[in-house]
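Here the structure is laid out as structure tokens; the discussion comes afterwards.
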Amino acid sequence: MNDTLAYLFLKLQAMALLVFNRKADALQRFESMLALRPADFYALASRAHVLAQLGRKAEALAAQEQLTERHGDNLAAWFNLGYMLEEAGEHARAEAAFRRVIELDPKMDRAWYGLALVLIQDRRFDEAVAALKKNTELQPMSPFGWYQLARVHVDRQEPEEAVKIIRHLKGFEPKVAAQLERETGLHASPASQPS
């Protein structure tokens, strides 16, 4: 069997094994695929994903790093690396990964959000506000960026800004607005409707 057919056979096996939740067996197929094609995006990404699902976080992180080394312009690879690094508490490296995504695509709202989370954890609130404003500009109907932005304003002792956000959220995400009111002790009357 030539390398192309062997690769395709392994890929089909891996996909079938994943359907039946046999992740460890699928992982072996991905390793065999990489022996045939060391830079194969699908096999590298799948290996990292399965390792993470198996709870093998250090190996998953190493696999994700290998993916970004081989495919340096892939947004998803960098975003996933940033997420994994943030989860591992490696804030400086996570920040660099999210900034790489933003460099490749400044309109990727999730990268701005991930960057903001890292900045918040490092208590770099001014930079976090800028990242969250960009996130909410790109994704105005998602409550996640708004929620974090309100929390940062509270941390910065700017309750009036948090109240404005709570009021804004009441217009489209009243449950999130109510959660913020409970968590912060701040209350906002609903935005007045034009007559």
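The values are calculated or read from the model by the stated rules, or taken from the named source; none is laboratory data. Keep in mind it's a predicted model, so treat the numbers as computed, not measured. Cβ atoms come from the backbone with ideal geometry, glycine included; neighbour counts cover every protein chain shown.
Considering H187, H153, the condition of being at pLDDT below 95 and not acidic (D, E) is satisfied by H187 alone.
Take the residues in region 49-80 that are over 16 Å from the mean Cα position of the chain (by Cα) and assigned to a loop (DSSP other than H, G, I, E, B); name whichever of them is surrounded by the most Cβ atoms within 10 Å (Cβ to Cβ). Once the filter is applied, the top-ranked residue is H71.
Only residues that are free of Cβ contacts under 8 Å to residues at least 12 places away in the same chain and in a helix (DSSP H, G or I) were counted in region 127-142, giving 3. Of all residues in region 95-114, those that are assigned to a helix (DSSP H, G or I) and closer than 14 Å to L138 by Cα total 7. Among the residues in region 106-114, are any closer than 21 Å to Q64 by Cβ, among the aliphatic types (A, V, I, L, M) and free of Cβ contacts under 8 Å to residues at least 40 places away in the same chain? So far as region 106-114 goes, yes, one or more of its residues are closer than 21 Å to Q64 by Cβ, among the aliphatic types (A, V, I, L, M) and free of Cβ contacts under 8 Å to residues at least 40 places away in the same chain.
In region 87-94, the count of residues that are over 17 Å from the mean Cα position of the chain (by Cα), part of a helix (DSSP H, G or I), under 30 Å from R47 (Cβ atoms) and touching a residue at least 12 places away in the same chain (Cβ under 8 Å) is zero. When Y83 is tested against (1) buried (at least 18 other Cβ atoms within 10 Å of the Cβ); (2) free of Cβ contacts under 8 Å to residues at least 12 places away in the same chain; (3) not β-branched (V, I, T), exactly one condition is not met: (2).
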